[in-house]
Amino acid sequence: MLPLGLSYALGWPPRPWHQEIASGLGILAFSIILVEFILSGRFKRISTGIGMDVTMRVHQVMARVALAFAVVHPLFYQGSVSGGSRPWDETRQLSLTTDLTALATGILAYLLLPALILSAASRTKQEYKYESWRFTHGIGALLLAGLLLHHTIAAGRYGSHSVLTVMWSAMVAIAVGSLLFVYLFKPLGQRRRPWRVVSRRRLTPKQWELVIGPDGHNGLVYEAGQFVCLNVGNSVFSLHENPFSISSAPAEGPEISFVIKELGDFTGSLERLGPDTFAYLDGPHGSLTINGRQDPGVVLVAGGVGIAPMLSILRQNRFADVPKDIKLIYGNRMKNQIVYREELAAENAVFALSEPQEDWDGETGVIDGALLDRVLTPDHYAQWLFVLCGPAVMMDVVEDHLIAQGTPSDRILLERFDYD
């Protein structure tokens, strides 16, 4: 809102109301687009505070808001007098510019913004790889910021003022700086703190345990339940990195382990991954932690590979001076998908299978309200902390049931990364 406020504070004579609305919508759209750079930067202060999933959801929603403002912005100028600059109209009070060089950048931005948003919204349906999309999205965002800066200063009534010109230039510099930090300065820092693959072993037909260790440094300071973006076997500047929850406990030592399910190109190549392969970490990120919580106990609800952060929490709890009471509910489709079954059974975990075999004697079906009611008591719902990780459908069902049972939302921790 700052650019809008500064524009208003200039005290220039008002134009027709539709022109002022047009300028205001353009100012807000440009401001939102520049804030989007910060929201997508994976800054730890944000990701460990309110959660990276929240910032990315805001990033997605606000992009659509900016698009709506930008699309409507020029339509409100209809009916305005146009023409070249007039000596007595330094503030562009009477007419709109028809200078093609000033308008062309705005027209190009007008076309580029929806293209960027539509490509992001349909990314999972496209054939090109995530890394290719991420690169083109970043280049497109840079181009968009440059086009809008020129258009705002050259064609905008308020952007032409020296104070506003400096402000817009500074905001664009900060936005571009955030990209340089993510793609240049952060990798340079990672190169000074490399990791190496210590081991990898198959846990189930489709899940692996990957262990990496620090190479020449003390390791990573993190909390149980957090995740990192992992780059294995590529240049430190490579875009081939994937988010994985840490499954080891901070108190276990400097080595870090992950539970990884075979899905994409990288996870499908784990079998060919050799020891001592270089790796780089960006993190830690995430707010799925129980440190500092005063709840009498914790219920961990995991589905599939969502068990990884729960393992970290369980393992770290064993090192606590006063361990918390923890109850784990762990769901899978089949028995051969359960990882670390003996370790988790020793923690009195509740196993649930949606496609059980005849010899299965545990819970059956998906994790839903009925299953929760069978294994939990009213005290659990009323007093304990709930930590959820797994498929989006499972988390939706569980969260809705907890709220229906009276569990306050501040005692339900979860992170989402799949959006519409």
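Annotations for the structure displayed:
- Residue identified as within 17 Å of ALA175 (Cβ to Cβ) and touching a Leu at 6+ places or on another chain (Cβ under 7 Å) among LEU2, LEU6, LEU28: LEU28
- Just one of (1) touching a strand residue (DSSP E or B) at 6+ places or on another chain (Cβ under 7 Å); (2) under 20 Å from VAL339 (Cα atoms) fails for GLU271. It is (1).
- Restricted to segment 111-149, and to residues there that are surrounded by 15 or more Cβ atoms within 10 Å (Cβ to Cβ) and closer than 16 Å to HIS73 by Cβ, the residue that is nearest to the chain's Cα centre (by Cα) is ILE117.
- Here ILE174, ILE153 are screened, and the one residue that is closer than 21 Å to GLN19 by Cα and in a helix (DSSP H, G or I) is ILE153.
- The residue that is nearest to LYS261 (Cα to Cα), among those in segment 290-319 that are assigned to a loop (DSSP other than H, G, I, E, B) and of a type in the set (D, E, K, R), is ARG318.
- Within segment 150-197, being within 28 Å of the chain's Cα centre (by Cα), of a type in the set (Phe, Trp, Tyr) and open to solvent by less than 50 Å² (accessible area, probe 1.4 Å) holds for TRP168, TRP195.
- Exactly one residue out of ALA352, ALA404, ALA345 is small (Gly, Ala, Ser), in contact (Cβ under 8 Å) with a residue 12 or more places away in the chain and exposed (fewer than 14 other Cβ atoms within 10 Å of the Cβ): that is ALA404.
- As a summary of the residue check, ARG200 satisfies the conditions (1) in a loop (DSSP other than H, G, I, E, B); (2) surrounded by 18 or more Cβ atoms within 10 Å (Cβ to Cβ) except for the one numbered (1).
- Once segment 38-66 is narrowed to residues that are open to solvent by less than 10 Å² (accessible area, probe 1.4 Å) and under 17 Å from the mean Cα position of the chain (by Cα), the residue that is modelled with the lowest pLDDT is SER47.
- Within segment 236-273, tally of residues that are modelled with pLDDT of 85 or more and assigned to a helix (DSSP H, G or I): 3
- When LEU188, LEU164 are checked against the criterion of being at pLDDT below 95, part of a helix (DSSP H, G or I) and touching a Pro at 6+ places or on another chain (Cβ under 9 Å), a single residue qualifies: LEU164.
The values are calculated or read from the model by the stated rules, or taken from the named source; none is laboratory data. Just so you know, these numbers come straight off a predicted model, no measurement behind them. Here Cβ is always computed from backbone atoms with ideal geometry, including for glycine, and neighbour counts include all displayed protein chains. For accessibility, only protein heavy atoms count, side chains too; no ligands or nucleic acids. Shrake-Rupley method; radii C 1.70, N 1.55, O 1.52, S 1.80 Å.
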